[in-house]
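Below is one structure; the comments refer to it alone.
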Amino acid sequence: MPRFWRRNRHWMTPALLLLPGLILFSLVILAASFETVWISLHDWDGIGAKTWVGLANYVELAEDPQFYVSLKNNIIWLLIFMLAPPIGLALALIVNQQIRGMRILKSLFFVPLVLATVTVGVVFGWVYDPTYGLLQLIFGLFGGTAPALLSDENFATLAVATAGLWPQIAFCMVLFLAGLNNLNEDLIGAGRVDGARGWQMLRHVVLPQLSQVGFIAIAVTVIGALRSFDMVAVMTTGGPYGSSTVLAYQMYEESIFSYRFGYGAAIATVLFVIMIAFIAWYLHGLIKAERSNA
Amino acid sequence: MAIDVTTLSTTRRRFLKGTGAALAASATSGLCLPALAQAQEITIISNLSNVGQRDILHRLAAEYEAKSGAKITINNMDHEAHKTAIRSYLVVGAPDICFWFSGNRMKAFVNKSLFDDISDLFARENYKSVLGATTNAVTVGDKQYGLPMGGLLWGLFYRKDVFAEHNWTPPKTWTDFLAFGDAAKSAGMVPMSMGTKELWPAGGWFDHMNLRINGLDKHIALMDGKVQYTDPMLTPVFDKWNDLIKAGFFSPNHSSFGWEQAGAALAQKKAAMMDLGGFVRSAFPEADIPQLAYAPFPEVATGVARYEDFSVNSVHVPTNAKNKQGARDFLAYFYKPENLGAFLAAEGAIPPRNDCPPSKDPLVNAAVEELKKVVGTSQYYDRDTDPDMAQEGMTGLQEFMVKPERRDQILERLEKTRKRIFG
């Protein structure tokens, strides 16, 4: 036994350490994903017998106007969330200065990340409240009336996604702060010797070193935008009349409220495919970048 | 090492078993307990959000434990979360007793054989003689599948002091209603407080309009999917409703807030009336509750008999319950007039039994009196029709209230959904 162990431990130790995670991942993520695809091919109310319907759920989905509303809203989320990495980077650069009191400022920017997204949703719901909200108070100062953002089909998604953007910016800021701490001092020193300062230093010495972090920030942001659910659930419940639903929320609504698990699973599968496509593209880019570095 | 493995594994297995049983007992229902203990064990899953009711349920359980020697475990769940959880626990790990809603919501589980037929309990305790028409709410094909709990009578609520101050009386006819709206607006108030974030208040308004114009039978036919949403019978319903929307009857931006905020607007004298059940009282400060009064929804089309939404909650024994006999015995105790009366008084609901002690709540007594004048009752939009249809329907009704000009598109969409569900 000990000899066997000694001879094989170089591969067995990592294998054993990875095993629990692998088992959990295959059970909770992989198996569940496959089952979802399987369910999406059935008509099922969640309790009774599953009836095989083939691709009927997808055919219906293709004709469902609500599905396109959700898809469109997911794209709006994505576009708004794309603001998070640049704003996060800007904030990180600002709060990364060695100035007295900066630590407090840093922690203030960090606060939204500590809050649960549901809390952020509730708080922003108050901000948007057309009668007593902060927004109305601000408009009131100028003698105006704030628009009821969450009641307006044209603004609801923008308002909810903007609320979601807040913690996302903080998240990107933290990522970039970590990246800034890992900058190569030698390169910066060399840049100084060559006379690079301010913008030039940022553009040619700092930013290239942050490209990996930037890549991660964008990836996390895209996934965050695609799987947005909790903010919608808390702030609008997909309303008014379904105009602010996203794919994840529509899936939940179809499965839980309308008892159409097959149809919900079909929506989940579509969302899954979109994410897989994005992740494949992302990994492809990551590998390419690493190869060109090496 | 090898020698120890057997003993070690048995103790470990025993340990796991014991922990598992303890966990299951405390968390859900005591599934893993040995058969002997189950005979004395009754588990209940409650969805009561009212603290007073929960306290009374616990008190009754304790009294029953002392009396019978049974062990009762009550697991309280969040009301909304329970609506989704019940679908899984009825199949795997059912308790012995659970709370739910009668009518179509109950029927969905009865059709899947997930609720036990308790007609024997009805016969044994002679419930039919004291329940009267409420029996129908828990009956499917001549068999009873639950005990009706408190009923909620829906109608228009208002503040007595506000009405006295303006010299108003609750509107009785459609002409009165329109005139009342004008009066409320000139007094600087919203005539009808409305919050449609949770969708169902829009469904309730539709119920009232349809019951007052088309009557109960046609309304139920629509709920059962037998009438098209594009049927001309609905034209006057939406025409008249549209008149109210155009006349500014409802709270602006009502899709931004829920019924509780709408109820608060009524309490704060910003709105004149509100269409809801008696639980609107929970949006009122304790001191203002005596000012709250009930008035029936006004007549819309002349000559239509008075029908109302009267939704009934209920309590059930799941088919997969471990201790069905124990469940029946406890329910019989729980359902005694004085126990049930105390339980329902905490909620302000109308007792289904006619031998419960009279309520101290004038609002409940008023509703009981009103109920005697009602010719027939429906439950509520989302309880009367298929859940899938209800979700689509309430969304459409909310959209109609915001964009009445889209009526035709909305009704066509609902008709498409109706066809998909009911064929």
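Just a few scattered comments:
- Mean separation of Cα contacts under 8 Å, 6 or more apart, over the residue count of chain A: relative contact order %: 29 percent
- Other residues with beta-carbon under 15 Å from the beta-carbon of B:Glu412 carry, at +1 per Lys or Arg and -1 per Asp or Glu, a net charge of 0.
- Only beta bridges with both residues in the protein assembly as shown are counted; by DSSP, about 60 percent of them are antiparallel.
- Residue-averaged [θ]222 nm for chain A, counting only DSSP H segments that reach four residues, each worth -39500 (n - 2.57): -22000 deg cm²/dmol
- Solvent exposure of B:Phe279, expressed as accessible area, is near 50 Å², computed with a probe of 1.4 Å over the protein chains only.
- Chain B: antiparallel DSSP beta bridges as a percent of all, rounded to 5: 60 percent
- Applying 1/(1 + (r/R0)^6) with r as the Cβ-Cβ distance of A:Asn8 and A:Lys50 and R0 = 30 angstrom yields a FRET efficiency of 0.10.
- Near B:Ala283, once Lys and Arg are set to +1 and Asp and Glu to -1 for all other residues with Cβ below 15 Å from its Cβ, the sum equals -1.
- Coupling constants for the stretch B:124-133 follow from the phi torsions by the Karplus curve (6.51 cos²θ - 1.76 cosθ + 1.60, θ = phi - 60°), and in residue order they are 4, 9, 6, 5, 4, 6, 9, 8, x, 5 Hz; glycine and proline get x.
- When peptides A:63-75, B:88-100 are sorted by average Cβ neighbour count within 10 Å, with the highest value leading, the order is B:88-100, A:63-75.
- Rounded, prolate or oblate (a/c below 1.5 giving rounded, otherwise prolate when a/b exceeds b/c) for the protein assembly as shown by Cα gyration tensor: oblate
- For the stretch B:266-423, a/c is not less than 1.5, where a ≥ b ≥ c are the root eigenvalues of the C-alpha gyration tensor, and a/b does not top b/c. That puts it in the oblate class.
- Whether the stretch B:313-364 is rounded, prolate or oblate, judged on the alpha carbon gyration tensor where a/c under 1.5 counts as rounded: prolate
- Spin-label pair B:Lys416/B:Thr230, simplified geometry with 7 Å Cα→Cβ offset, distance in nm: 1.1 nm
- In chain B, Cα pairs under 8 Å separated by at least six residues give a relative contact order of 25 percent.
- Modelled this way, with points 7 Å down the Cα-to-C-beta line, the labels at B:Asp176 and A:Val118 are 4.5 nm from one another.
- Among the listed pairs B:Lys185/B:Lys246; B:Lys218/B:Lys270; B:Lys128/B:Lys172, those with a Cα-Cα distance over 24 Å are B:Lys218/B:Lys270; B:Lys128/B:Lys172.
- Share of alpha-carbon pairs per 20 Å distance bin for chain B, given as whole %: 24, 52, 20, 4, 0
- Helix B:324-334 and the long axis of chain B differ in direction by around 50°, with both axes built from C-alpha atoms.
- Converting the Cα gyration tensor eigenvalues of the stretch A:92-157 into ellipsoid dimensions via √(5λ) gives semi-axes, longest first, of 31, 16, 10 Å.
- Solvent-free Debye scattering, log10 I(q)/I(0), computed from the Cα coordinates of the stretch A:1-89 at q = 0.13 Å⁻¹: -0.80
- For B:Ile42, nonlocal amide neighbours, meaning residues 5 or more places apart or on other chains whose placed amide H falls under 5 Å from its own, are B:Lys71, B:Ile72, B:Thr73.
- Calculated over the stretch A:21-143: convex hull of Cα atoms, volume per residue (Å³): 244 Å³
- Over all other residues within a Cβ to Cβ distance under 15 Å of B:Arg124, the charged ones net out to 0, with Lys and Arg as +1 and Asp and Glu as -1.
- Förster-model FRET efficiency, 22 Å R0, B:Asp408 and B:Asp243, C-beta, rounded to 0.05: 0.80
- Take the Cα of B:Asn75, step 7 Å toward its Cβ, do the same at A:Asp186, and the gap between the two points is 6.1 nm.
- For the peptides A:211-222, A:30-41, the ranking by mean Cβ contacts within 10 Å, running from highest to lowest, is A:211-222, A:30-41.
- Paramagnetic label reach from B:Asp288 (point 7 Å along Cα→Cβ; backbone nitrogen cut-off under 17 Å): within the stretch B:170-193, residues B:188-193.
- Backbone geometry of the stretch B:362-368 corresponds, through the Karplus equation with coefficients 6.51, -1.76 and 1.60 at θ = phi - 60°, to 3J(HN,Hα) couplings of x, 5, 5, 4, 4, 5, 4 Hz, x marking Gly and Pro.
- Over 31 Å (Cα to Cα) - which of B:Lys112/B:Lys226; A:Lys72/B:Lys419; B:Lys112/B:Lys372 fall in this group: B:Lys112/B:Lys372
- Peptide B:198-209 - average C-beta neighbours from other chains (10 Å radius): 1
- The alpha carbons of the stretch A:123-262 stretch over 64, 51, 20 Å along the principal axes, in descending order.
- Each peptide in A:185-196, B:326-337 gets a packing score, the mean of other Cβ atoms within 10 Å over its residues, and the list from highest to lowest is B:326-337, A:185-196.
The values are calculated or read from the model by the stated rules, or taken from the named source; none is laboratory data. All figures in this text were calculated on a predicted structure; none of them were measured in a lab. Please note: Cβ atoms are built from the backbone with ideal geometry, for glycine as well, and neighbour counts cover all protein chains shown. Surface areas here come from the heavy atoms of the whole protein model, side chains and all, with no ligands, DNA or RNA. Shrake-Rupley method; radii C 1.70, N 1.55, O 1.52, S 1.80 Å.
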